[in-house]
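In what follows, a single structure is set out as structure tokens and then discussed.
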């Protein structure tokens, strides 16, 4: 399966990459990485087709993380919460740890922890 995020939330062409994936107990597959300058996540049904009930057509960008954000790992918590770990560039020469916790696949508004 190939998924193109097309244009990043900032309007620039995106360069997409995958860093980690996890399979949920219901068989859905969560893939995380980077699209454009943002943390990105996609959710697939067990058959490999994007789960269109998640995010925008099966995809979500975490736009609240500063430029050059990238998710490097994904984990699941009890209750279906999704945790992304990665880094973000603060624009002043520093790369920082970034943790993002999503409430779940149906309600994907992130909680940003810096």
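The values are calculated or read from the model by the stated rules, or taken from the named source; none is laboratory data. As the structure is a computational prediction, the values presented were derived from the model and not from experiment. For neighbour counting, all protein chains shown are included, and Cβ atoms are generated from backbone atoms with ideal geometry for every residue, glycine included.
Name the residues in segment 52-65 that are touching a residue at least 24 places away in the same chain (Cβ under 8 Å) and either surrounded by fewer than 18 Cβ atoms within 10 Å (Cβ to Cβ) or at positive phi (or both), would you?
Listed by number, the residues that qualify are 53, 55, 58, 63, 64.
Could you tell me how many of the residues in segment 66-88 are farther than 17 Å from residue 17 by Cα and either within 15 Å of the chain's Cα centre (by Cα) or in contact (Cβ under 8 Å) with a residue 24 or more places away in the chain (or both)?
Of the residues in that region, 9 qualify.
For the subset of segment 34-51 comprising residues that are touching a strand residue (DSSP E or B) at 6+ places or on another chain (Cβ under 9 Å) and surrounded by fewer than 16 Cβ atoms within 10 Å (Cβ to Cβ), which member is modelled with the highest pLDDT?
By that ranking, first place goes to 46.
Pairs, please: C-beta under 7 Å, at least 6 apart or cross-chain, first residue modelled with pLDDT of 90 or more and in segment 1-27, second part of a loop (DSSP other than H, G, I, E, B)?
Pairs that qualify, where the first residue is modelled with pLDDT of 90 or more and the partner is part of a loop (DSSP other than H, G, I, E, B), are 27/46.
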